[in-house]
Amino acid sequence: MNICNKLTISRIFLAFICIGLIIKDTLAFLIVAFIIFIIASITDFLDGYLARKKNLISDLGKLLDPIADKILIIGVFLAFLQVGIINAWMVSVIMLREFIITGLRFYGLSKGIVLEAQTLGKHKTVSQIIGIVLIFITLILSKVTDSSTVYFLYYKLVPAVMWYVVVITLFSGISYLWTNRKTIKTF
């Protein structure tokens with residue numbers, strides 16, 4: 001087990017801690033959850049960077065890394081759903097895209113086929129992280145003040161950003177399927 005795989009496994013544990021803290025929905029727990037989310041996101045960057053830089057890419061890493069990413073992102077969105085800041089249909093669309101694309105990638109890998117990643121997929125991930133950060137900030141601020149800024153964030157900006165996240169998530173999935181359609185047909 002190399003350092004990259006250890007970072008990936010730590011991200012899975014951090015994800016579950018983060019999710020549990022969000023659900024507690026208190027100021028202290030939300031602040032700690034936010035810090036844990038940032039640390040988990042950094043481990044995602046680090047494990048990929050180190051794997052490429054030090055040639056530590058492994059089959060276990062190829063399997064665990066996308067699973068850890070999905071556990072973190074989908075888990076946090078589900079926790080936000082539970083505390084009532086986002087809609088179920090939005091989380092459902094995000095989950096559907098992630099499960100379909102990840103399933104196809106794993107199936108392709110089992111056949112020795114690597115499906116081409118998309119730049120739009122990276123944009124999707126960045127938009128999801130920005131959405132999560134914005135929601136964390138909104139929830140934390142809502143615990144300390146009931147200002148018009150919190151109202152704007154909670155009822156205007158968060159829904160708008162989540163719409164953007166859902167649209168980018170859908171388009172990245174469609175683009176991925178379209179780009180890899182010939183390969184997918186061989187399955």
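Observations on the model:
- Among Tyr164, Tyr151, Tyr176, the largest mean-square fluctuation in a Gaussian network model of the chain, built with springs joining Cα atoms closer than 10 Å, belongs to Tyr151.
- Furthest towards positive pole of dipole, Ile71, Ile130, Gly112, structure part the chain, Cβ charges: Gly112
- Under the criterion of Cα pairs below 8 Å and six or more residues apart, the relative contact order for the stretch 79-168 equals 39 percent.
- Extension gain for Thr186 to Val167 (0.36 nm times residue separation, less C-alpha to C-alpha distance): 4.0 nm.
- Average Cα contact separation per residue, the chain, under 8 Å, 6 or more apart, as relative contact order %: 25
- Annotation for the stretch 132-146 versus the stretch 59-79: alpha-carbon center distance of 24 Å.
- Stretching the chain fully between Phe29 and Tyr107 yields a gain of 24.2 nm (0.36 nm per residue, less the alpha carbon separation).
- Cβ-based charge dipole, the chain, positive-most Cα from Tyr176, Cys4, Tyr164: Tyr176
- Given Lys62/Lys182; Lys62/Lys122; Lys122/Lys182, the pairs whose alpha carbons are separated by over 20 Å: Lys62/Lys182; Lys122/Lys182
- This structure gives Kirkwood radius over Cα pairs in Å, computed directly, and of (1) 17.4; (2) 18.5; (3) 16.9 that value is listed as (1).
- Among the trypsin sites (Lys or Arg not before Pro) in the stretch 61-159, those located in a DSSP loop and surrounded by at most 11 other Cβ atoms within 10 Å of their own Cβ are Lys111.
- Cα-based reach from Lys6 at 13 Å (exclusive), listing aspartates and glutamates while leaving out same-chain residues under 8 positions away: Asp44, Asp47, Asp65
- Relative to the Cα centre, the charge distribution of the chain, modelled as +1 at Lys and Arg Cβ and -1 at Asp and Glu Cβ, gives a dipole magnitude of about 580 debye.
- Counted residue by residue at 0.36 nm each, then reduced by the alpha carbon distance between them, the extension gain from Lys62 to Met95 reaches 9.9 nm.
Readers should treat all values here as calculations from the given coordinates under stated rules, not as data from a laboratory. None of the values given here were measured: they were computed from a predicted structure. Backbone-built Cβ (ideal geometry, glycine too); neighbour counts: all protein chains shown.
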